Amino acid sequence: MFSITVRDHLMIAHSFRGEVFGPAQRLHGATFLVDATFRRAELDDDNIVVDIGLATQELGAVVGGLNYRNLDDEPDFEGTNTSTEFLAKVIADRLAERIHQGALGENARGISALAVTLHESHIAWASYERAL
């Protein structure tokens, strides 16, 4: 299996509901390093997994739609705890949609899996991986 990973970052504000979250129930900020890994069994005709420039551009567009937002105010997330794990899935699903729409080029349709990792710090991160 071949893979490439591109990186961006994301800054949000949010709060959580539930005692398990302790002081994070109050509004707080979070900055995430975001890695998107694209996987495929065989390289395309150009011997690449996906165009790194397009992958970087599309990750930036997806992250840009969330950046500098208070997620508590976003209608898409109303009533939802926007945990790191949850946000990794949101970003992966939005990237998958862009792949299916052709935004990463026709050859990107050969990508078999996509993983998104959000690094909260140098000691904690969460990932979501999905098939395409």
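In table form, for the structure just shown:
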| item | result |
| --- | --- |
| Members of region 8-45 found to be under 20 Å from G105 (Cβ atoms), open to solvent by 90 Å² or more (accessible area, probe 1.4 Å) and modelled with pLDDT of 95 or more, listed by number | E42 |
| Of all residues in region 46-70 being touching a Gly at 6+ places or on another chain (Cβ under 8 Å) and not in a helix (DSSP H, G or I), the one that is most open to solvent (accessible area, probe 1.4 Å) | D51 |
| Region 103-114, subset modelled with pLDDT of 95 or more and open to solvent by 10 Å² or more (accessible area, probe 1.4 Å), residue nearest to the chain's Cα centre (by Cα) | A113 |
| Count - residues of region 1-38 that are among the basic types (K, R) and in contact (Cβ under 8 Å) with a residue 24 or more places away in the chain | 2 |
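The values are calculated or read from the model by the stated rules, or taken from the named source; none is laboratory data. The shown structure was predicted, so the numbers you read here are calculated from the model rather than taken from an experiment. Every residue, glycine as well, gets a Cβ built from its backbone with ideal geometry; the counts of neighbours run over all protein chains shown. For the accessible areas, the whole protein counts, side chains as well, though only heavy atoms, and no ligand, DNA or RNA atoms are used. Shrake-Rupley method; radii C 1.70, N 1.55, O 1.52, S 1.80 Å.
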